[in-house]
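Comments concern the structure below.
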Amino acid sequence: EYESAEQSVLEFVGTALATAAGLVMPAGPVLRGLFPTPPAPDEALRPLARAFGVLPGSGSAVELREIQVGGPPAPSLGGDATGAGGLLAGVDALYPASGGVAGSLEVRGYTRPDGARSWAVLIPGTQSLGAWGASPMDTATNVQEYVGAPSAMGAAVVAALGRAGVRRAEPVLLAGHSQGGLVAMRLAADPAFRRRYDVRSVLTAGSPTGRVPTPQGVSVLHLEHGSDVVPVLDAAENPDVPERTTVRHPGAGAPGGPGSGEEGPHDATSYARTAALVDASNHPSVVEWRRSCASVVDPDASLTRRVYVAERL
């Protein structure tokens, strides 16, 4: 039995490395075939997480520093500026490789002519493979979010909403790429967070969210690329329920694939291009998510942008 377990681990790691190297082997079916019914992360990983010091709440204190942003939001790479394409283009622009500042997240405020306000939070993904460093966008946060423990990035989003002056009755949308999407889903599924903020909609791109509970009363759109190994690291499909829609683009990011650019299958820019295709879809489930998105991201509202750099204490 030990030998069998070791072989499964070797095949799992080999598949992940092969996919990361850009080989043609489809990751999702292989991983899910190897682990058809793996234990839930809370059961399987919490003891290991504790052994490595990833205790619930450990290292989750953060400090925010607001930085000045100038000019309009990033272009939507062909999608609706107020839809999934515009939101993910905004997430992409926060990465250092796209000209952003390391460890930053953005809060966008929309104020309508009648004074009503709504908010969107843009959350990038992992930017450091280390753990417990100054940047909370690291491996420690990945482990904490995966096992459902409080993390520094979750705390950063809560702190950013507080700093921006978001009130209880004002609609909120959470959009994240990779780790950022997992953070967004964990917060939206947290009853205490929803009691504090009126979460209407969530958008994730390239995030392993299959084992996160479905947030009640929240419309969720997941984007996944067929050649991206990250969304299947939890070896679980996203639940197929009315509140959650998963759109998969099998060729995105693959060389010569439809809608691909110079980016890899997991790059935020690649997902922003896919989101532009989703914006043009008239599938009923996508249309329903866009309706919930429009209740927050209003094209006729005046826009304010606040970018905060998070630092772990």
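The values are calculated or read from the model by the stated rules, or taken from the named source; none is laboratory data. Fair warning: this is a prediction, and the values are worked out from it, not measured in the lab. Cβ placement follows ideal geometry from the backbone for every residue including glycine, while neighbour counts extend to all protein chains displayed. Keep in mind that these areas ignore ligands, DNA and RNA; they rest on the heavy atoms of the full protein, side chains included. Shrake-Rupley method; radii C 1.70, N 1.55, O 1.52, S 1.80 Å.
Figures for the structure shown
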{"read-out": "Surface share of carbon and sulfur [accessible, 1.4 angstrom probe, percent] for segment 259-305", "value": "50 percent"}
{"read-out": "Efficiency of FRET from Cβ geometry, ALA280 and SER128, R₀ 45 Å, rounded to 0.05", "value": "0.80"}
{"read-out": "Neighbourhood net charge (9 Å Cβ-Cβ; Lys/Arg +1, Asp/Glu -1) for GLY206", "value": "-3"}
{"read-out": "Positive minus negative residues near GLY109 (Lys, Arg vs Asp, Glu; Cβ under 12 Å)", "value": "+4"}
{"read-out": "Residues ILE67 and TYR2, FRET efficiency given R0 of 41 Å [Cβ-Cβ distance, rounded to 0.05]", "value": "0.20"}
{"read-out": "Peptides 137-147, 89-99, 303-313 ordered by average Cβ neighbours within 10 Å, highest first", "value": "137-147, 89-99, 303-313"}
{"read-out": "Stretchable slack from ARG248 to ASP300, in nm (0.36 nm times residue separation minus alpha-carbon distance)", "value": "15.7 nm"}
{"read-out": "In Å², nearest 10: area of ARG65 left accessible to a 1.4 Å probe", "value": "130 Å²"}
{"read-out": "Protein accessible area in segment 195-249, 1.4 Å probe - carbon and sulfur %", "value": "49 percent"}
{"read-out": "Inter-centroid distance (Cα atoms) of segment 219-243 relative to segment 60-82, Å", "value": "24 Å"}
{"read-out": "Beta bridges by DSSP in segment 74-232, antiparallel share as percent, to the nearest 5", "value": "25 percent"}
